[in-house]
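Visitor: Here it is, the structure in full.
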Amino acid sequence: TPQTVFDFGQPRLDANGRSYFVYEVDGGVIPDYNHKESSLVLPLAYAYSANAAFARMGAEMNPDTFISYGQRFGFSAPDDRIYPTEIEFFPSQLANNIADLRTNNLLRAATAFGQGELLANPLSMAMILQTIENKGDLPLPYFVQAVRAPDGTLNERLPNRRVLRNLIKDSTADEMRSMLLTVVKEGVKSAAVEGLTVGGKTGTAQLAGDAHPHSWFAGFAEKGDRKIVIVVFVENSGGASIGSVPIFARLAAFALK
C-alpha cells in the first residue's frame, strides 16, 4: 500500500566513497544509489527510484501475478493478446524465457525495477500511462482521425476505435496516478509546468560497457478537461533528468498552453 515502509538497512561504501543500499536475493546483490534515506514509504520510493524497494517487491511477489500484470500491458503476451495498432512495433518483453521468472527470484527482482531482460518501447509505456489516466481502461492509440465519403459523409464505424476495459482496478489507477504526481512534486521537479497538473516517471536504461545510458520520461499533463500522455526517449543522453525531462516539459507546455 502507499503506507508500506521499506527499510533498506545500513548503507555501504563503494571504492569511490559513494554510499549505497543493497537488496540481496539468492546470492545476488542489487545496488541502490538513488537515495540517502534508510527507509521510505512506497510513493517516495517510487519518486526517488529506489531500486531496492522494487527489487524486494518483485522477488516477494507471486510469479504468476507478476507475469499476469506484465502480459495485460503487452509485455511477453501471447500472440492473441498483443494489441493491434496502426504501426508495427516490436512487442515489449518481461524476459527472454517467461518461465524463468517463475523460478529465478533474482531475475524477477531485477526485472521489477527495469533491468534483467526487460525490453520496452515508447508506445508500450504510453499505453500504460493512458490506462492510469483512464481509470484502468486502455483506449488503443490510432492514427486515422476520420474517413469521409466523396460527399463529405463521415464514416462513424472506424475499426481503430477500441477500448480495452478494466486492465487494472480504478482504485489502483488512482493510486498510481497519485504516485506519478509525487514523482514530479518530490523527485523530478524539472518536469513541472506552471499552470498544468503533471505526473510521470523517469527511466535510465543502462547499456553494456562504457556507453551512456538511454534517458526516459513517461508522463501525463492536464489542464481542465484536456489531457495528454507524452513519452520521451533519448538515446545515450545520460540520466533522465538530463535528456528526456526537459523535452517532456516543453512538449507538455506547447500541447496544452
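The values are calculated or read from the model by the stated rules, or taken from the named source; none is laboratory data. Just so you know, these numbers come straight off a predicted model, no measurement behind them. Here Cβ is always computed from backbone atoms with ideal geometry, including for glycine, and neighbour counts include all displayed protein chains. Note: accessible area is taken over every heavy atom of the protein model, side chains too, but ligands, DNA and RNA are not part of it. Shrake-Rupley method; radii C 1.70, N 1.55, O 1.52, S 1.80 Å.
Visitor: What dipole magnitude, in Debye to the nearest 20, does segment 72-113 give about its Cα centre under +1 on Lys/Arg Cβ and -1 on Asp/Glu Cβ? Present the calculation step by step, with values, prior to reporting the outcome.
Guide: On the way: 4 positive and 5 negative charges, 65 e Å.
Its charge dipole is roughly 320 debye.
Visitor: Along segment 20-31, what does the Karplus equation 6.51 cos²θ - 1.76 cosθ + 1.60 (θ = phi - 60°) give for ³J(HN,Hα), rounded to whole Hz, x for Gly and Pro?
Guide: Each residue's phi maps through the Karplus curve to give 7, 9, 9, 10, 10, 8, 6, x, x, 10, 10, x Hz.
Visitor: Right, next: Helix 240-256 versus the longest principal axis of the chain: what is the Cα-based angle in degrees, 0 to 90, to the nearest 10?
Guide: The angle comes out at about 30 degrees.
Visitor: Roughly how much of SER178 is accessible, in Å² to the nearest 10, using a 1.4 Å probe?
Guide: Around 60 Å² of this residue is reachable by solvent.
Visitor: As a test of the formula, what do you get for the chain when each DSSP H run with n ≥ 4 contributes -39,500 (n - 2.57) and the sum is divided by the residue count, at 222 nm and rounded to the nearest 500 deg cm²/dmol? Before the final figure, lay out the partial values.
Guide: Working: 8 runs with 80 residues, N = 257.
Rounded to the nearest 500, the figure is -9000 deg cm²/dmol.
Visitor: Below 9 angstrom from the Cβ of TYR20, what's the summed charge of the other residues (Lys, Arg +1; Asp, Glu -1)?
Guide: Values: positive: ARG12, ARG18; negative: ASP14, ASP32.
Net charge around TYR20: 0.
Visitor: Something else: If you put +1 on each Lys and Arg Cβ and -1 on each Asp and Glu Cβ, how big is the dipole of the chain around its Cα centre, in Debye rounded to 20?
Guide: Working: 24 positive and 27 negative charges, 139 e Å.
In debye, rounded to 20, the chain gives about 660.
Visitor: Now a separate question. Considering only lysines 8 or more places apart in sequence, or on different chains, count the pairs in the chain whose C-alpha atoms sit under 24 Å apart.
Guide: 23
Visitor: Could you order HIS35, HIS212 so the one with the most accessible surface comes first? Probe is 1.4 Å.
Guide: In descending accessible area the options line up as HIS212, HIS35.
Visitor: Using the Karplus curve 6.51 cos²θ - 1.76 cosθ + 1.60 with θ = phi - 60°, work out ³J(HN,Hα) for each residue of segment 165-179 in order, rounded to whole Hz, and write x for Gly and Pro.
Guide: Whole-Hz 3J(HN,Hα) from phi for segment 165-179: 8, 6, 5, 9, 5, 4, 5, 5, 4, 5, 5, 5, 4, 4, 5.
Visitor: Using the Karplus curve 6.51 cos²θ - 1.76 cosθ + 1.60 with θ = phi - 60°, what ³J(HN,Hα) values do you get for each residue of segment 137-152, in whole Hz, with x for Gly and Pro?
Guide: Computed from phi, the couplings for segment 137-152 are 9, 10, x, 5, x, 8, 9, 7, 7, 7, 10, 10, 6, x, 8, x Hz.
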